[in-house]
Amino acid sequence: GSRFQIRPKKGMAIVYHNLDENDNVDASTLHSELEFTGDSSSTPKYSAKLYVNSVPTPYSRTLVLPILALPTGGRLNQNVRDFHDMFLDRFGDAGGAYFDKAMVGIPVLLLLALLQLIFYLVQQQSKASDATSTVPKESTASSSAKKAKKKSKSGSKSKGSKGD
């Protein structure tokens with residue numbers, strides 16, 4: 001193969017595919033970086049590197065662990081590291097997979113417990129407000145009948161008093 005040099009340009013990235021379709025290193029794609037000739041104090045040198053895993057990274061390592069590391073500035077708490085080591089000691093090579101499942105399962109269970117508590121409190125508040133604010137109401141048919149009886153009684157009394 002021929003050699004060539006690519007001059008840097010802001011916003012440009014070069015992607016190298018160093019493996020062939022059989023996952024063997026393809027010698028024709030080998031590359032290297034030239035020595036940096038710019039003023040090291042004022043001109044930055046950027047190298048973009050992307051690593052692709054053959055097995056997808058589990059959600060625990062892409063979502064849960066970064067969230068747990070957020071309060072400490074990106075460093076995992078010692079308890080989380082001890083929890084991981086416990087799984088490795090107990091289950092050997094499969095401990096990493098069990099740790100990943102636990103790190104996703106535990107937050108899901110905590111979230112479900114929190115939702116259960118919220119629903120319970122809302123239900124209790126609803127029952128308490130229903131008990132204090134609602135007085136059993138009579139049906140409209142029976143209340144209409146009672147009003148009619150009251151009118152007929154008061155009407156007969158007033159007629160009787162006028163006749164005297």
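Values for this structure:
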{"quantity": "Residue match in the range 95-103 (condition: more than 15 Å from residue 58 (Cβ to Cβ), part of a helix (DSSP H, G or I) and among the aliphatic types (A, V, I, L, M))", "calculated": "no"}
{"quantity": "Residues (over 30 Å from residue 105 (Cβ atoms), modelled with pLDDT of 75 or more and surrounded by 10 or more Cβ atoms within 10 Å (Cβ to Cβ)) located in the range 26-66", "calculated": "26"}
{"quantity": "Options 50, 65; residue that is touching a residue at least 24 places away in the same chain (Cβ under 8 Å), under 30 Å from residue 19 (Cβ atoms), assigned to a loop (DSSP other than H, G, I, E, B) and not basic (Lys, Arg)", "calculated": "50"}
{"quantity": "Residue match in the range 71-87 (condition: more than 30 Å from residue 21 (Cα to Cα), in contact with a His (Cβ under 7 Å, 6 or more places away or on another chain) and not basic (Lys, Arg))", "calculated": "no"}
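The values are calculated or read from the model by the stated rules, or taken from the named source; none is laboratory data. As the structure is a prediction and not an experimental result, all values here were calculated from the model. Here the Cβ is made from the backbone with ideal geometry for all residues, glycine too, and neighbour counts use every protein chain on show.
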